[in-house]
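S.K.: Take a look at the following structure, please.
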Amino acid sequence: MKRSLALGLVLSILFNSLALAADVVKPAASPGPETPKSRSKHSPKLPRLTPIGVQEGGDEKKPHREYFHDGLQLTSYRQFQDVIGPLGDPEADRLMKAAQGKQGLSTVLDVVGGGFALGGLVYELTAQGTSTTTYPPYGPPLTSTAPPDPAPAILLTGIGVLSAAIGMIVDGDGAHYRDQAVDRYNSLVGEGSGAPENPSSGPKGTAPTPTSPISEKDELGPPPPPLVETPGKGPRTFGFAFSPGLAVPLGGKTTQEYLPGLSFEASFSFVLDPHWTLDLEGGTEDHPINSDYLANLYQQDYGTPLPAGTTFQGGWSYIPVRLSARYSFPTGSGAVTPYLFWGAGVAFHSAQITTSYNGQSVTTSVSENTFLLSPGLGVAVKWGPDRELFFQGRLDMTFMSQDGQDTITLSGNGMTGQAKGNLSDDGTALFLPLQVGLRFWQ
């Protein structure tokens, strides 16, 4: 039952995300031969502007508006922009940009929320229990299996639900800005003299037909500046970045077995628009083994302290390779830009531990490749015309196998052997890389 409810939650969030994304890219229906696209770009006059009809609905607690123009219902932001844009009013344009920004952020939050909820569901469906073997002084080894840790599933699903809820609130703010843009547009083209305020008295499903005066502008305004631009360099398209940092293992036995380590990454960026950027990223992380944990484990299993002079060296390293979608929130000055991102890819893991005692040593090594999800957030600070510093943190979720089929190689003292086991004692190994980097734009 829990898994059915979780699956329903994930499908609901993802369906809402896809619906919002479709609204962003939905092409506008042509309102007729008088639209700006149908005129010659050298035409000296704008088309005759007509008001947008408003049909009120809903109730006092949750009002709802439907909009019509030239007999067609307006449903997407692009349709609204095609109608309001030719007016050339800076305030109406600002309100529409704010509405589109809010709606875009809402889509990102819903997609991220769906991804987190999906990650929680995947963990719940695939995570296996942790097996522990103890060696009593007498008798055979004893093996017990504990159920999977529910914390990652609860954490991921909770973040997903919270993200989707915030997305709904932000989407409501976007609709409020859109309503303000429509009201301003109608006031400027004379909607107040004759257009019905509530056309719901007409036949159901018919579009209102305002009869207000029409205004014109004699000159086309100058074209808008490039949306993504570096002063003196023109539009930015490509970027390269490198970012050292500190990575911290989180949750489960991974936190006990390994210590925080250093990380380094390089990335290539491709700008899609002022908000969206694609990043292809690769790097490496190294986590030293926690010798104190192994010493305590030895004493727990064998009932005696670790022999004096025993040392452990090595650790867990992995190479993440992923593709990330980054959504930025440009500020007025452009000097500081917060952003969110969501990445997916592959992680190449390897662990190697060398145990030395009394002049002899044995090395244990194992490797595994896993699926990787990496949501995160950060802030970029402009540093010159084509450079920026950025500070970011992300959560690397690597889905490790728990079937005991990883090949473990033991070598030392001129001998080599193999055994089966697991690289990680956690079904989902979590790491938190904290990075500072420098990005160059071209």
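The values are calculated or read from the model by the stated rules, or taken from the named source; none is laboratory data. This one's a predicted model, so the numbers in the text were calculated from it and none came from an experiment. Methodologically, a virtual Cβ is constructed for each residue, glycine included, from the backbone with ideal geometry; neighbour enumeration extends over all protein chains shown. Surface areas here come from the heavy atoms of the whole protein model, side chains and all, with no ligands, DNA or RNA. Shrake-Rupley method; radii C 1.70, N 1.55, O 1.52, S 1.80 Å.
S.K.: Let me cross-check residue 240: its accessible surface, 1.4 Å probe, with only protein heavy atoms counted, in Å² to the nearest 10?
M.R.: 80 Å²
S.K.: Accessible area per residue, 1.4 Å probe, Å², for the stretch 154-194: what's the number? Each step should come with its number before you reach the end.
M.R.: On the way: 2010 Å² over 41 residues.
With all protein chains present, the stretch 154-194 gives 49 Å² per residue.
S.K.: Could you tell me how many cubic angstrom of Cα convex hull volume the stretch 338-402 has per residue?
M.R.: Numbers: hull volume 10.0 nm³, N = 65.
It is 154 Å³ per residue.
S.K.: Under a 1.4 Å probe, what is the accessible area of the stretch 227-355 per residue, stated in Å²? Don't jump to the answer; show the numbers that get you there.
M.R.: Working: 6320 Å² over 129 residues.
The answer is 49 Å² per residue.
S.K.: How much of residue 322 can a 1.4 Å solvent probe reach, expressed as accessible area in Å² and rounded to 10?
M.R.: Answer for residue 322: close to 10 Å² accessible.
S.K.: Tell me the carbon and sulfur percent of the accessible area for the stretch 286-442, rounded to whole percent, probe radius 1.4 Å. Could the numbers behind the result be given before it?
M.R.: On the way: 4280 of 7430 Å².
Summing carbon and sulfur atoms, their accessible area is 58 percent of the total for the stretch 286-442.
S.K.: Can I ask one more? If you plug each phi of the stretch 342-357 into the Karplus form 6.51 cos²θ - 1.76 cosθ + 1.60 with θ = phi - 60°, what whole-Hz ³J(HN,Hα) values come out, in order, with x for Gly and Pro?
M.R.: 9, x, 9, x, 10, 10, 9, 9, 8, 10, 9, 10, 10, 9, 10, 7
S.K.: Restricting to Cα pairs below 8 Å that are 6+ residues apart, what does the relative contact order work out to for the stretch 244-374? Please round to a whole percent.
M.R.: On the way: 281 pairs, mean separation 26.1, N = 131.
Relative contact order here is 20 percent.
S.K.: What number in nm² do you get for the stretch 53-131 if you take the convex hull of its Cα atoms and divide its surface by four? Mind dumping the intermediate values first?
M.R.: Values: hull surface 36.0 nm².
Mean orientational projected area (the stretch 53-131, Cα hull): 9.0 nm².
S.K.: Would you check the accessible area of residue 415, probe 1.4 Å, heavy atoms only, in square angstrom rounded to 10?
M.R.: Result for residue 415: roughly 140 Å² accessible.
S.K.: Starting from the amide H of residue 306, placed 1.01 Å from N in the peptide plane, find each other amide H under 5 Å away whose residue is 5 or more places distant or on another chain.
M.R.: Those qualifying (amide H under 5 Å, at least 5 residues apart or on another chain) are 299.
S.K.: Quick check: pseudo-label points 7 Å beyond the Cα along Cα→Cβ at residue 161 and residue 329, how many nm apart are they?
M.R.: Computed distance between label sites residue 161 and residue 329 equals 2.4 nm.
S.K.: Rounded to whole Hz and in sequence order, give me ³J(HN,Hα) for the stretch 307-320 from the Karplus expression 6.51 cos²θ - 1.76 cosθ + 1.60, θ = phi - 60°, writing x for Gly and Pro.
M.R.: Each residue's phi maps through the Karplus curve to give x, 4, x, 6, 10, 10, 9, x, x, 10, 10, 8, 10, x Hz.
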